[in-house]
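The values are calculated or read from the model by the stated rules, or taken from the named source; none is laboratory data. Since the model is a prediction, treat every value here as computed from it, not as a measurement. Cβ: placed from backbone, ideal geometry, glycine included. Neighbour counts: every protein chain shown. Just so you know, the surface numbers come from the protein's heavy atoms only, side chains and all, with ligands and any DNA or RNA stripped out. Shrake-Rupley method; radii C 1.70, N 1.55, O 1.52, S 1.80 Å.
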Amino acid sequence: MLASAFTLYVIVYYVYGGDWGKGGTLLGWFGTASSIFTFIAISLTTWISTKLGKRKTFLIAMCIAIFGYALKWIGYNPAHPYLLMIAVPFLAFHLGALFTMVPSMVADVCDLDELQCGTRREGMFSGIYWWIQKLGQAGASILAGVLLNVTGFNVVLGANQGAQTLLYMRLCDVGIPIVTSIIAMFIIMTFDISEAKAYDIRGQVERRREERRQEQVRVDEEKRRGERRD
């Protein structure tokens with residue numbers, strides 16, 4: 001989210017030399033292709049997760065996305081603007097994995113929490129998850145403008161941005177998501193609920209629920225018997 005703000009500026013000022021019309025067209029095709037490939041990435045990550053597990057699938061998807069961000073450095077080519085499209089299929093795995101795998105991992109955490117604490121609190125976990133998402137969006141919106149100023153970008157200069165400014169803008173656009181993706185990978189590596197463990201936890205939760213239901217049925221039955229005797 002933090003780096004995506006730079007994509008438009010890099011396309012317009014580096015690739016097209018300040019031409020907003022051509023830059024907007026390329027960005028439109030880039031966004032459309034990203035949406036299409038994200039649907040494909042979601043299907044693939046879902047299928048892969050059934051074979052390798054969620055954590056391994058997430059790590060693989062992040063590696064593919066990092067490769068895609070590296071390709072953007074090559075794709076930003078003023079001589080061949082649409083070369084940028086080569087990165088799209090790989091970049092799609094970033095959001096595709098994030099919004100497919102992570103909520104599913106949260107569900108596994110909810111099962112573990114219920115097993116340990118005896119209470120189902122998916123509302124709390126879901127609320128925290130989306131609060132973090134919104135916090136990230138808000139923080140990225142603020143920091144993106146700050147970073148843009150740090151690169152030396154000056155809107156008054158228009159197409160005459162300095163070479164160093166354009167370099168820093170590309171470094172932010174490519175480097176930030178690579179670094180943050182690597183950080184995310186290290187964090188996800190600490191997630192120790194494997195596929196087998198998730199199924200085992202789920203089975204224990206279901207058995208415990210069934211025991212509670214049977215106990216409640218027994219209590220209700222004894223209560224009815226007591227009422228009939230009275």
- Residue within segment 80-91 that is outside any helix (DSSP H, G or I), loosely packed, with under 14 Cβ neighbours inside 10 Å and at pLDDT 90 or above present: yes
- Message: If Q204 satisfies all but one of (1) in contact (Cβ under 8 Å) with a residue 12 or more places away in the chain; (2) within 18 Å of Q116 (Cβ to Cβ); (3) not in a helix (DSSP H, G or I), what's the number of the condition it fails?
- Response: (3)
- Confirm whether W47 is without any contact (Cβ under 8 Å) to a residue 24 or more places away in the chain, out of contact with any Asp or Glu (no Cβ under 7 Å at 6 or more places or on another chain), open to solvent by 50 Å² or more (accessible area, probe 1.4 Å) and among the hydrophobic types (A, V, I, L, M, F, W, C). yes
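Here's the yes/no breakdown for (1) surrounded by 12 or more Cβ atoms within 10 Å (Cβ to Cβ); (2) in a helix (DSSP H, G or I):
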residue: E114; (1), (2): yes, yes
residue: S141; (1), (2): yes, yes
residue: A144; (1), (2): yes, yes
residue: L147; (1), (2): yes, yes
residue: V156; (1), (2): no, yes
residue: A159; (1), (2): no, no
- Item | Whichever residue in segment 1-36 is farther than 23 Å from T165 by Cβ and under 15 Å from the mean Cα position of the chain (by Cα) and, among such residues, is least open to solvent (accessible area, probe 1.4 Å) | S34
- Task: Test V179 against the criterion of being part of a helix (DSSP H, G or I) and either touching a residue at least 40 places away in the same chain (Cβ under 8 Å) or closer than 30 Å to G75 by Cβ (or both), and give yes or no.
- Result: yes
- Within segment 161-175, the count of residues that are farther than 14 Å from T7 by Cβ and in a helix (DSSP H, G or I) comes to 5
- Item | Residues being part of a helix (DSSP H, G or I) and either in contact with a Leu (Cβ under 8 Å, 6 or more places away or on another chain) or open to solvent by less than 30 Å² (accessible area, probe 1.4 Å) (or both) - total across segment 185-194 | 3
- Note on the structure: Residue pairs qualifying under the 9 Å Cβ cut-off, at least six apart or on distinct chains, with the first in segment 118-144 being within 12 Å of A5 (Cα to Cα) and the second being open to solvent by 80 Å² or more (accessible area, probe 1.4 Å), are Q137/M1; A140/M1; S141/M1; A144/M1
